[in-house]
């Protein structure tokens, strides 16, 4: 079996456990998946079918590992989004896959688990950098309105990928990508937004809002800093005048008040700039 180096590197920790023959701590799952499936609790041991509920979006973090028991699989009735990367793909494999499960005493074989079934209502699912191994049918999709980016299929039983009943020519263990054009969607009357990232509007809203707040805060803070510098200079001149009189006392109070006002203005501006920067950075996490 051909194994890509990039795949091996993404599971360096699992390989380390395998070398030392340490047991793997599982998180058992079944039924409806949560909105976000985090990588820190994987590998997930799938003990019964798991579901992406109709009308819901489930996002799977990069590096997440699913280990399937016999006769289990994934049913996508809503929208499934996997956020895998080249170094940290999302793995769907048999619980007997020793590369991912050092506790396995059996050898993995094709037909070990059922595979991923995308129902007609699963249109819009976006599978980035996934690996599907040792299943019966790999991925079966009843809708062609899905996207696959650099998917790896290997050691599956009957086929690797079929879409609307048509089996796709997938080269084993080689990256495979599939998408449908906006033109095709419009011809079939499917809303164009279906082909877009379901989190795009929310992400862009936070991203541009954060960027705007950061920029506005930085500009305001810069102006405030210049005003603060001038007011401090004026206050220092008045404060050092030993001949100050009753009128000078009023000028001294006014100058000190101006300094305090500019300090608050400067601090508040840069605080907003920092908050904007945090929001902008956070927008890249989903």
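No value in this document is a laboratory result; all are computed from the given coordinates. Here the structure is a predicted model, which means the values were calculated and not measured. Counting neighbours? That spans all protein chains shown, and the Cβs are built from the backbone with ideal geometry, glycine included.
Values computed for the structure shown
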read-out: Label-point separation in nm, residue 179 to residue 240, each point 7 Å along Cα→Cβ; value: 6.5 nm
read-out: Length added when fully stretched, residue 278-residue 232, from 0.36 nm per residue minus Cα-Cα; value: 13.5 nm
read-out: Pair-distance profile P(r), taking every C-alpha pair of the stretch 114-170, with 10 angstrom steps and integer %; value: 26, 61, 13
